[in-house]
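K.L.:
What follows is a structure written as structure tokens; I'll ask about it next.
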Amino acid sequence: MRTWRVALASAGLLAGLCAHASADEPLFGFVYTTDLLPKGSYEVEQWLTTRYEKAHGGFSLFENRTEVSYGLTDSLQVSGYLIYDWTQAHHNAPDGTTVAPEQFSDYFPGPDDNFNKWKFIGVAGEVIWRVMSPYTDPVGLAFYFEPTLGNRFQEFEVRGIVQKNWLDDRLVLAANLTWAPEIRYLPPNPYADPGSVEASRNVNIETDLNLGAGLSYRFAPNWSVGWEVQNEREVNGWAVFARSQWMGNAYYMGPTIHYADQHFFATLTAWEQMPWANNYMDSSVIYKGRDYDVDFEKYRARLKIGYYFGGSE
Amino acid sequence: MKASFLLVPAATLAIISPAHAKVFMSIEQAQQLMFPGATLTAQPMTLTDAQAKAVESASNANVLNRNLSIWRVSTGGWFIADEVVGKHEFIPIAVGLDASGAVKDIEILEYREAYGSEVRNPQWRAQFTGKRNGAKLTLTDDIQNISGATLSSKHITDGVRRLLATYAIAIASH
């Protein structure tokens, strides 16, 4: 415990002490834009994402991310970050038992346990390559690559980002298509049926396919408001076009507010899952039209804060 | 246990400090720099609906403020104080026109953004000198982009093009 504490605090402080930085300020909480740091600029960002309310019982998940970004060139940005989560769950599954969220799927709480756990999820790297700028081309276009390595967990996220600006770049529309296969190396589940795959060590492969969009308007100097919407689909295995492997299909949307000045920014987004969900593999996780499988919940909120060093002097 | 989670955000928050706008020069200083020894007389005016539309049509740039802050120069020419959209805040600029309506000089009066202050570079600003209404004044065409300061470069370029159209449509006959 002490080791983690020291490591995390050190990472945060190191991030804070990096000199000469600038910004790729996020207008949205979940949707990415094509804006990147200029060459040679640094930035530190802290994300706090809370996900809560299941069909039954008590549930909350806090996803935390501490990130340092650097502009390798004006159109190529690299980042590194730490991901660490905390969760509390009790009688939260659709059948009224306690189940851990997907990030904690290598833990198997008893059906009546009050599950309360923190976990270091992993270390991630991120590369964003901007091919076209919304300021000098008809649209902005960028590609995002993010490998994550963790204990019993690997993920590779690829995202296409499109951005169009209007009204002197104060009105911004951004859209993302994300493909993210995840591999989890799971220990035996003591509550699984004997003889089932889950009863022994197994490898779980799942692919997330998300389509998101956001519209933001800068209504006053430093301040923008917007709206984000995202369709999230989960597929068992790799084959995203194999309908027999489709699992959850949920929609989230909600408002976002963003503040930024010369060195600091903050973005807050609140989402609610819309009652339009399907789960093609297990309809029992659908309750009142919403998907409450292990990676879905009713509400999500994300706060991003960031600081760019240096300045225009 | 949970307290350890607070350490990283706390460390991040600990480095945050208030930002300060960088004021490079006042309007009066810019006036003296562009027109040394001359007397400048304020002649504020407001664009009519028709004039604003004509400016937007001629310049392909939005008129954000119809109230013009303009000064007539005793030795000939005009001084215009204006603002263009920056990344987070407006960027106050000043444009000096000679007696024939050509750009004499432009100045960035204040800059509040984290990056992009290279637009103050005299060589970059010199690209506008001599430009008149009707010039292309388009970023990456006759005005070079400053990589890493694209948004500021674009909006200053658009702003000068708009002010030259404003001069031709409303100020020259004032």
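K.L.:
Exactly one condition in (1) closer than 24 Å to A:TYR144 by Cα; (2) at pLDDT below 95 is not met by A:ARG2; state its number.
P.N.:
Of (1) closer than 24 Å to A:TYR144 by Cα; (2) at pLDDT below 95, only one is false for A:ARG2: (1).
K.L.:
If I ask for residues that are closer than 16 Å to A:GLY96 by Cα, free of Cβ contacts under 8 Å to residues at least 40 places away in the same chain and part of a loop (DSSP other than H, G, I, E, B), which ones from the stretch A:257-300 would you list?
P.N.:
If the condition is that a residue be closer than 16 Å to A:GLY96 by Cα, free of Cβ contacts under 8 Å to residues at least 40 places away in the same chain and part of a loop (DSSP other than H, G, I, E, B), then A:ASP282 is the only one that fits.
K.L.:
State all residues of the stretch A:38-75 that are of a type in the set (A, V, I, L, M, F, W, C) and within 8 Å of chain B (Cβ to nearest Cβ); if no residue qualifies, say none. So that I can check it myself, show each step before the final result.
P.N.:
Filtering the stretch A:38-75 down to residues of a type in the set (A, V, I, L, M, F, W, C) leaves A:44, A:47-48, A:55, A:59, A:61-62, A:68, A:72.
Residues satisfying the conditions are A:VAL44, A:LEU48, A:PHE62.
K.L.:
Can you work out which of the residues in the stretch A:176-220 that are more than 21 Å from A:PRO109 (Cβ to Cβ) and among the hydroxyl-bearing types (Ser, Thr, Tyr) is surrounded by the most Cβ atoms within 10 Å (Cβ to Cβ)?
P.N.:
A:SER216
K.L.:
Next question, about the same structure. Please specify each residue of the stretch A:184-240 satisfying the condition of being farther than 30 Å from A:ASP113 by Cβ, of a type outside the set (A, V, I, L, M) and assigned to a loop (DSSP other than H, G, I, E, B).
P.N.:
Hits for the stretch A:184-240 are A:PRO221, A:ASN222, A:TRP238.
K.L.:
Given A:TYR308, A:TYR252, A:TYR259, A:TYR299, which one is modelled with pLDDT of 95 or more and within 14 Å of chain B (Cβ to nearest Cβ)? Walk me through how you get there before you give the answer.
P.N.:
On the way: A:TYR308 fails: modelled with pLDDT of 95 or more; A:TYR252 fails: within 14 Å of chain B (Cβ to nearest Cβ); A:TYR299 fails: within 14 Å of chain B (Cβ to nearest Cβ).
Residue meeting the stated conditions: A:TYR259.
K.L.:
Spot the failing condition for A:PHE264; the list is (1) modelled with pLDDT of 95 or more; (2) over 27 Å from A:PHE153 (Cα atoms), and only one is missed.
P.N.:
Exception for A:PHE264: condition (1).
K.L.:
Give the stretch A:76-93 a look and list any residue that's assigned to a strand (DSSP E or B) and either within 10 Å of chain B (Cβ to nearest Cβ) or among the aliphatic types (A, V, I, L, M) (or both), or say none.
P.N.:
Once the filter is applied, which keeps residues that are assigned to a strand (DSSP E or B) and either within 10 Å of chain B (Cβ to nearest Cβ) or among the aliphatic types (A, V, I, L, M) (or both), the stretch A:76-93 yields A:LEU76, A:VAL78, A:LEU82, A:ILE83, A:TYR84, A:ASP85, A:TRP86, A:GLN88, A:ALA89.
K.L.:
Kindly provide the set of residues from the stretch A:166-180 that are within 14 Å of chain B (Cβ to nearest Cβ), among the hydrophobic types (A, V, I, L, M, F, W, C) and more than 15 Å from A:LEU27 (Cα to Cα), ordered by number. Let's see the steps before the verdict.
P.N.:
As a first pass, look at the stretch A:166-180 and keep what is within 14 Å of chain B (Cβ to nearest Cβ): A:166-172.
If we keep only those that are among the hydrophobic types (A, V, I, L, M, F, W, C) as well, we get A:166-167, A:171-172.
Passing the criteria: only A:LEU167.
K.L.:
OK, next. Test of understanding: among A:LEU167, A:LEU173, which residue is under 30 Å from B:VAL85 (Cα atoms) and surrounded by fewer than 18 Cβ atoms within 10 Å (Cβ to Cβ)?
P.N.:
On the way: A:LEU173 fails: surrounded by fewer than 18 Cβ atoms within 10 Å (Cβ to Cβ).
Only one candidate passes the filter, namely A:LEU167.
K.L.:
Quick one: how many residues across the stretch B:84-93 are within 8 Å of the chain's Cα centre (by Cα) and facing another protein chain (nearest Cβ under 10 Å)?
P.N.:
Of the stretch B:84-93, the ones within 8 Å of the chain's Cα centre (by Cα) are B:84, B:91-93.
Those left that are additionally facing another protein chain (nearest Cβ under 10 Å): B:84.
Residues in the stretch B:84-93 being within 8 Å of the chain's Cα centre (by Cα) and facing another protein chain (nearest Cβ under 10 Å): 1 in total.
K.L.:
Report those strands (runs of 3 or more DSSP E) wholly inside the stretch B:74-145 carrying at least 2 residues which are touching a residue at least 40 places away in the same chain (Cβ under 8 Å) and closer than 14 Å to B:THR166 by Cα. Spell out the reasoning first.
P.N.:
Working: elements: B:78-85, B:90-97, B:103-108.
Once the strands (runs of 3 or more DSSP E) in the stretch B:74-145 are filtered for at least 2 residues that are touching a residue at least 40 places away in the same chain (Cβ under 8 Å) and closer than 14 Å to B:THR166 by Cα, what remains is B:78-85, B:90-97.
K.L.:
Report, by residue number, each residue of the stretch B:143-170 that is touching a helix residue (DSSP H, G or I) at 6+ places or on another chain (Cβ under 9 Å) and either over 21 Å from A:PRO138 (Cα atoms) or more than 14 Å from chain A (Cβ to nearest Cβ) (or both).
P.N.:
Within the stretch B:143-170, B:VAL160, B:LEU163, B:LEU164, B:ALA165, B:THR166, B:ALA168, B:ILE169, B:ALA170 meet the criteria.
K.L.:
Then there's this: If I filter the stretch A:94-113 down to residues being in a loop (DSSP other than H, G, I, E, B) and without any contact (Cβ under 8 Å) to a residue 40 or more places away in the chain, which single residue comes out as nearest to the chain's Cα centre (by Cα)?
P.N.:
Within the stretch A:94-113, the subset in a loop (DSSP other than H, G, I, E, B) is A:94-101, A:105-113.
If we keep only those that are without any contact (Cβ under 8 Å) to a residue 40 or more places away in the chain as well, we get A:97, A:107, A:109, A:112-113.
Working: A:THR97: 26, A:TYR107: 21, A:PRO109: 24, A:ASP112: 29, A:ASP113: 27 Å.
Top of the filtered list is A:TYR107.
K.L.:
For A:ARG159, state whether it is within 14 Å of chain B (Cβ to nearest Cβ), touching a Ser or Thr at 6+ places or on another chain (Cβ under 8 Å) and not hydrophobic (A, V, I, L, M, F, W, C). Write out each step before concluding.
P.N.:
Numbers: within 14 Å of chain B (Cβ to nearest Cβ): no; touching a Ser or Thr at 6+ places or on another chain (Cβ under 8 Å): yes; not hydrophobic (A, V, I, L, M, F, W, C): yes.
Against the criterion (within 14 Å of chain B (Cβ to nearest Cβ), touching a Ser or Thr at 6+ places or on another chain (Cβ under 8 Å) and not hydrophobic (A, V, I, L, M, F, W, C)), A:ARG159 does not qualify.
K.L.:
Please work out if A:ILE305 is out of contact with any Ser or Thr (no Cβ under 6 Å at 6 or more places or on another chain) and under 30 Å from B:VAL119 (Cβ atoms). First the steps, then the outcome.
P.N.:
Numbers: out of contact with any Ser or Thr (no Cβ under 6 Å at 6 or more places or on another chain): yes; under 30 Å from B:VAL119 (Cβ atoms): yes.
When the stated conditions are applied, A:ILE305 passes them.
K.L.:
Also, quick follow-up: Any residue at all in the stretch A:177-197 that is in contact (Cβ under 8 Å) with a residue 40 or more places away in the chain and of a type in the set (D, E, K, R)?
P.N.:
For the stretch A:177-197, residues in contact (Cβ under 8 Å) with a residue 40 or more places away in the chain and of a type in the set (D, E, K, R): present.
K.L.:
Further question: The conditions are (1) within 14 Å of chain B (Cβ to nearest Cβ); (2) β-branched (Val, Ile, Thr); (3) surrounded by fewer than 17 Cβ atoms within 10 Å (Cβ to Cβ), and A:THR267 fails exactly one of them. Which is it?
P.N.:
In the conditions (1) within 14 Å of chain B (Cβ to nearest Cβ); (2) β-branched (Val, Ile, Thr); (3) surrounded by fewer than 17 Cβ atoms within 10 Å (Cβ to Cβ), A:THR267 misses (3) alone.
The values are calculated or read from the model by the stated rules, or taken from the named source; none is laboratory data. Predicted model, so just to flag it, every value in this text is computed and none were measured. Virtual Cβ from ideal backbone geometry, glycine too; neighbours counted across all protein chains shown.
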